[in-house]
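Asks: Have a look at this one before I ask anything.
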């Protein structure tokens with residue numbers, strides 16, 4: 001008799017997984033499966049980390065069951081990609097996947113064919129998204145629009161003069177309405193050897209030690 005694990009998930013705490021459990025236990029009885037464990041998550045499907053699902057996969061790697069029963073595809077995965085990743089891992093572990101609502105069983109040829117079709121559709125969708133993004137970028141370039149972050153607009157000579165007058169990095173950032181990191185970048189680009197306050201203190205200390213004259217005996 002094959003060992004089965006049930007995975008149940010509801011999206012909110014006020015929902016109850018008992019309906020899913022009832023249907024899956026009936027399905028297990030019909031197939032002659034022995035239920036050895038039940039994993040439950042009360043969490044939104046878009047969440048990447050789910051304690052119940054993580055524990056199920058951990059136990060699957062230790063060979064604690066032979067079949068995973070779920071009520072529907074969207075109960076176990078947050079996206080098509082995640083769904084295929086879970087099925088791929090279960091497949092490599094020689095664990096069958098059965099969905100109650102879609103009536104899909106990867107233990108049979110029809111079930112495996114459906115999974116392959118789902119994977120092909122997901123790959124097509126990813127390729128179409130990539131092509132649409134590239135087409136949009138090409139159109140933006142032809143129209144002369146900026147792609148990505150706009151170049152830093154700041155009066156660099158004035159900023160450097162204020163720095164030479166002793167203005168702090170914080171005050172420079174506030175005056176020119178840029179980040180402190182941007183102030184450091186402007187100073188380093190203009191005066192890489194004397195960008196005070198932007199280099200690490202360790203290098204300055206090391207330089208001072210090298211320039212310090214050696215002590216003479218009294």
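Every residue, every condition in (1) more than 24 Å from the chain's Cα centre (by Cα); (2) surrounded by 17 or more Cβ atoms within 10 Å (Cβ to Cβ); (3) more than 24 Å from residue 94 (Cβ to Cβ), yes or no:
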{"position": "27", "(1), (2), (3)": "yes, yes, no"}
{"position": "31", "(1), (2), (3)": "yes, no, no"}
{"position": "34", "(1), (2), (3)": "yes, no, no"}
{"position": "43", "(1), (2), (3)": "no, yes, yes"}
{"position": "50", "(1), (2), (3)": "no, yes, no"}
{"position": "59", "(1), (2), (3)": "no, no, no"}
{"position": "62", "(1), (2), (3)": "yes, no, no"}
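Asks: So is residue 39 farther than 17 Å from residue 1 by Cβ and in a strand (DSSP E or B) or not?
Replies: When the stated conditions are applied, residue 39 passes them.
Asks: Here is a follow-up. Does region 159-175 include one or more residues that are assigned to a loop (DSSP other than H, G, I, E, B) and surrounded by fewer than 13 Cβ atoms within 10 Å (Cβ to Cβ)?
Replies: Just the residues of region 159-175 that are assigned to a loop (DSSP other than H, G, I, E, B), to begin with: 165-168.
Retained after the next criterion (residues that are surrounded by fewer than 13 Cβ atoms within 10 Å (Cβ to Cβ)): 165-166.
Yes, that holds for at least one residue.
Asks: Name the residue, out of 127, 103, that is more than 30 Å from residue 68 (Cα to Cα) and either surrounded by 10 or more Cβ atoms within 10 Å (Cβ to Cβ) or modelled with pLDDT of 80 or more (or both). Steps first, answer last, please.
Replies: Values: 103 fails: more than 30 Å from residue 68 (Cα to Cα).
Only one candidate passes the filter, namely 127.
Asks: Go through (1) in contact with a helix residue (DSSP H, G or I) (Cβ under 7 Å, 6 or more places away or on another chain); (2) in contact (Cβ under 8 Å) with a residue 24 or more places away in the chain; (3) under 29 Å from residue 126 (Cβ atoms) and name the single condition residue 105 misses.
Replies: (2)
Asks: Could you tell me whether residue 129 is under 30 Å from residue 6 (Cβ atoms), part of a helix (DSSP H, G or I) and either in contact with a helix residue (DSSP H, G or I) (Cβ under 9 Å, 6 or more places away or on another chain) or not assigned by TED's automatic domain parsing to the domain that holds residue 67 (or both)?
Replies: Values: under 30 Å from residue 6 (Cβ atoms): no; part of a helix (DSSP H, G or I): yes; either in contact with a helix residue (DSSP H, G or I) (Cβ under 9 Å, 6 or more places away or on another chain) or not assigned by TED's automatic domain parsing to the domain that holds residue 67 (or both): yes.
So residue 129 does not fit the description; no.
Asks: Which condition breaks for residue 93 when tested against (1) crowded, with 18+ Cβ neighbours inside 10 Å; (2) in contact with a helix residue (DSSP H, G or I) (Cβ under 6 Å, 6 or more places away or on another chain); (3) within 22 Å of residue 32 (Cβ to Cβ)?
Replies: All conditions are met except number (1).
Asks: Same structure again: Return the only residue of 60, 72, 29 being closer than 22 Å to residue 116 by Cβ, without any contact (Cβ under 8 Å) to a residue 40 or more places away in the chain and in the same structural domain as residue 100 (by TED's automatic domain parsing).
Replies: 72
The values are calculated or read from the model by the stated rules, or taken from the named source; none is laboratory data. From a predicted model like this one, the values you see are computed outputs, not experimental measurements. FYI the Cβ positions are ideal-geometry reconstructions off the backbone, even for glycines, and counts take in every protein chain you see.
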